[in-house]
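Comments concern the structure below.
Values in this text are rule-based calculations from the coordinates and carry no lab data. Predicted model, so just to flag it, every value in this text is computed and none were measured. Here Cβ is always computed from backbone atoms with ideal geometry, including for glycine, and neighbour counts include all displayed protein chains.
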């Protein structure tokens, strides 16, 4: 006997529902069975005596994931890792990429959902997976026949047919016979851009409109034409193009029409015709077509060619020059950097790479090495390349102008004199009986110190002049004449008479 209990959770029931879904059943022998709640996959989500254990559907293989797709367990169920375009617990639902906006179709198409994916239905004239490619019918189909030139259009093309053809694809030979040019006495045969008349017996002429053997009048000989019957017993000459006159023996001067060769040519008359001699840069029967000088791509290094009349102009890319942009511009050739800076060419100009001691756009400024006010002591600082120099005040010397000059160091006072100095000058203190700046004058004679520029000759000349001007009593005095070079050189010792 089995009884249903609906009182309270018995014995530590964890996940069972003690109701219609979770039932505790027992028999008279107290055997009982706990029925756990089912998961969304129709399999128990929990197991164990008291439904306390989570059932791993993935591990037990009790899932409905498609072959090759990963199963992942959850607390009460599981889910499948779906491929692109699928969704749902078992990947059974299709994702509508078109509705969700996750498609990549271009604006030239319509997105259509498919099972597990989507496709792009291209508008006319476009192709490709996402309809991004423009269909060039001229390249794909080469539709124009018989020498026709194809011009691509959006979702179409246009054939420019060669002479003698017509139709969408230039496949139809123009019927030159449609207007019955051969008349009643000939059969017209159509050709390429021409027709031919097969005349009945007794008729001739291009259009079979001339009766044979009717132009027998010896006075009617058509030089550049054909004899044509006007009426019974009356004929005339139908002249070929370029000729006129009764016998078609006069050449027509087509050049009398000054506009026949347009603005770009000069007309030259020839027998039965004319020829247009085109000016440079033009061609065609009437010089109506202009030569494209840029067709040969004369501009190099990415230069843009601008076509003109019998000429072209190359617009050069940055950094290049020349008629054909063939020369790389050397900006440094006409520009120099100061203070031993190095010129570097750039596409748009040049720049100066300065040494460490210089700065500025052209390295024209030297870095200030005279920032310390006391670095030159008794003097002032003069900035220069890579350093500085001190210009000392009067009385000071040394690299930093901090050494006081001893003005007596190189001075030799004569005859036992001693040198004394101050900041500005020096002087010799002469012993008794001597005189002069260097104590060079003594009582028994005169020491004459001469610089190299005052030569011995001048001294002798002055002495002699004194001798002559006095002309009276003589007394011999010694005169010492010397020239100081380094060392002192004694040139001569003379005895010159001075007045007593």
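Counting pairs of alpha carbon atoms under 8 Å apart in space and at least six apart in sequence, what relative contact order in percent does segment 290-408 give? Mind showing how you got there, number by number?
Numbers: 213 pairs, mean separation 14.5, N = 119.
Averaging sequence separation for qualifying contacts and normalising by length gives 12 percent for segment 290-408.
Provide the FRET efficiency to the nearest 0.05 for the residue 328-residue 306 pair, computing r from the beta carbons and using R0 = 30 Å. Provide the component values of the computation, followed by the final result.
Numbers: r = 21 Å, r/R0 = 0.70.
About 0.90, to the nearest 0.05.
Please report, in whole Å³, the volume per residue of the convex hull around the C-alpha atoms of segment 377-421. Mind showing how you got there, number by number?
Values: hull volume 3.2 nm³, N = 45.
Value for segment 377-421: 70 Å³ per residue.
Compute the length gained on full extension between residue 368 and residue 405: take 0.36 nm times their separation in residues and subtract their Cα-Cα distance, giving the result in nm to one decimal.
On the way: separation 37, 0.36 × 37 = 13.32 nm, distance 2.86 nm.
Roughly 10.5 nm would be gained on extension.
Using a Förster distance of 41 angstrom, determine the FRET efficiency expected from the C-beta separation of residue 187 and residue 246, and round it to 0.05.
Values: r = 32 Å, r/R0 = 0.79.
Given R0 = 41 Å and the Cβ-Cβ separation, E is 0.80.
What is the spin-label model distance, in nm, from residue 49 to residue 180 if the labels are put 7 Å beyond Cα along the C-beta direction?
11.8
Hey, with R₀ at 56 Å, roughly what FRET efficiency would residue 288 and residue 361 work out to, going by the Cβ-Cβ distance, to 0.05? Intermediate results must be reported in sequence, preceding the final value.
Values: r = 56 Å, r/R0 = 1.00.
About 0.50, to the nearest 0.05.
If you wrap a convex hull around the Cα atoms of segment 258-413, how much volume per residue is inside, in Å³?
Details: hull volume 34.2 nm³, N = 156.
Dividing the Cα hull volume of segment 258-413 by its residues yields 219 Å³.
How fast does segment 349-443 diffuse by Stokes-Einstein, in µm²/s, taking the Kirkwood radius from C-alpha pairs at 10 °C and 1.306 mPa s?
Translational diffusion coefficient: 94 µm²/s.
Roughly how many whole Å is it from the C-alpha centroid of segment 414-441 to that of segment 339-358?
So the separation of the two Cα centres works out to 60 Å.
Using 0.36 nm times the number of residues separating residue 335 and residue 385, minus their current alpha carbon distance, what extension gain do you get? Each step should come with its number before you reach the end.
Numbers: separation 50, 0.36 × 50 = 18.00 nm, distance 2.09 nm.
Taking residue 335 through residue 385 to full extension adds about 15.9 nm, to one decimal.
Per the Kirkwood definition applied to all pairs of different Cα atoms, how many angstroms is the hydrodynamic radius of segment 315-376? Numbers along the way, then the final one.
Working: mean 1/r = 0.0733 Å⁻¹.
Roughly 13.6 Å, rounded to one decimal.
Name all residues of segment 244-268 having a backbone nitrogen under 18 Å from the label point set 7 Å from the Cα of residue 277 along its Cα→Cβ direction, giving them as ranges.
253-268
What is the gain in length, in nm to one decimal, between residue 112 and residue 206 on full extension, counting 0.36 nm per residue of separation less the C-alpha to C-alpha distance? Walk me through the intermediate numbers first.
Values: separation 94, 0.36 × 94 = 33.84 nm, distance 6.56 nm.
Between residue 112 and residue 206, full extension yields 27.3 nm more.
Highest mean first, how do 270-276, 292-298 rank when packing is the count of other Cβ atoms within 10 Å averaged over residues? List each step's numbers first, then the result.
Details: 270-276: 15.1, 292-298: 12.4.
Highest mean packing first, the order is 270-276, 292-298.
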